[in-house]
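The values are calculated or read from the model by the stated rules, or taken from the named source; none is laboratory data. Fair warning: this is a prediction, and the values are worked out from it, not measured in the lab. Methodologically, a virtual Cβ is constructed for each residue, glycine included, from the backbone with ideal geometry; neighbour enumeration extends over all protein chains shown.
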Amino acid sequence: MNFPEIYSATGMMELIQKIGFLPLLDSSIEGFSAEDIVAEDCGYVRLPEGGWDWPLWKWKGEIVQEMPCMYGKFFNKKAGFISQEWWPDFCNYRRSKYPRPNDDSIEGAILSTLQSSGSLITRELRAACGFTGNRRTKQEQSEACFNSALQEGGRPKVKGMRSKFDGYLTRLEMATYIVTEDFIYPRDKHNHEYGWGWSLLNTPEDLYGREACQCNRTPQESYQRIFEHLKEILPDASDKQIIKLIG
């Protein structure tokens, strides 16, 4: 399938709605990413006066807010978009591979913290879970992360290293338990947004309701449906590439 060249967030939304799945950056399938599809002047450029401009990067928040659609690290631990039409099948299959983590696990505690707090930007969730990079005792780290999530019983071993947090978060996104609701940017003294922005995280159930994640097919039926759809829109991709993309 030949994808049209995209010049705007609106055009990108129309394409995502049409094809259902779209990685943001390199997907290991030639031509199948938002970065590959956008017009040349929508790509990343360094500005002569310093700084950078990247329209595609700035479109992400508009796309997830206005479509709406799901955005997160779904494709081999890399970010991308999934339309609401295809989300139930994707969620159905992925959660069959990655059941909801136990409350007494680190991933379970992160998820419970987000569910009880509502939307949080990444650094807020990291701090709420004790992954601040500070040297703390294991007990302090455990209590910070599990204060509202642990049942009675033993506590798991928690290293509390800030660098570990993103790995736990990625696993939860790959398992479809956490998605990006929007992107928040800091502002300078002139009230202009700057920087790469922070992901505002939430659960798909909180954003769109439990029914948005429910599917009346078996996980294998959902997998087969997704596989056949991707084969149709990516006729030049190998089965191995598509299987890797589905996860």
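Quick notes on this structure:
- Summed over segment 88-104, residues that are closer than 25 Å to LYS60 by Cβ and assigned to a loop (DSSP other than H, G, I, E, B) total 1.
- The numbered conditions (1) within 22 Å of ASP236 (Cβ to Cβ); (2) exposed (fewer than 14 other Cβ atoms within 10 Å of the Cβ) are all true for ASP53 except (1).
- Remark: pairs (first residue in segment 192-210, within 15 Å of LEU111 (Cα to Cα); second residue among the acidic types (Asp, Glu); Cβ separation under 7 Å; 6+ apart in sequence or on different chains) = LEU200/GLU181; LEU200/ASP182; LEU201/GLU181; ASN202/GLU181; LEU207/GLU181.
- Tally, over segment 8-24, of residues that are in contact (Cβ under 8 Å) with a residue 12 or more places away in the chain and either exposed (fewer than 14 other Cβ atoms within 10 Å of the Cβ) or assigned to a helix (DSSP H, G or I) (or both): 7
- Filtered residues of segment 231-246 (kept if under 17 Å from SER83 (Cβ atoms) and either in contact with a Phe, Trp or Tyr (Cβ under 7 Å, 6 or more places away or on another chain) or hydroxyl-bearing (Ser, Thr, Tyr) (or both)): LEU234, LEU245, ILE246
- Tally of residues being touching a residue at least 60 places away in the same chain (Cβ under 8 Å) and crowded, with 21+ Cβ neighbours inside 10 Å across segment 76-85: 2
- Note on segment 86-112: among residues that are polar (S, T, N, Q) and surrounded by fewer than 21 Cβ atoms within 10 Å (Cβ to Cβ), the one that is nearest to PHE227 (Cα to Cα) is SER96.
- Test: residue in segment 97-112 that is in contact (Cβ under 8 Å) with a residue 40 or more places away in the chain, closer than 19 Å to GLY197 by Cα and hydroxyl-bearing (Ser, Thr, Tyr): no
- Total residues in segment 174-207 satisfying the condition of being acidic (Asp, Glu), surrounded by fewer than 22 Cβ atoms within 10 Å (Cβ to Cβ) and modelled with pLDDT of 95 or more: the figure is 3.
- Criterion applied to GLU85, GLU62, GLU49, GLU107 was being more than 21 Å from GLN214 (Cα to Cα), assigned to a loop (DSSP other than H, G, I, E, B) and acidic (Asp, Glu), and the one residue passing it is GLU49.
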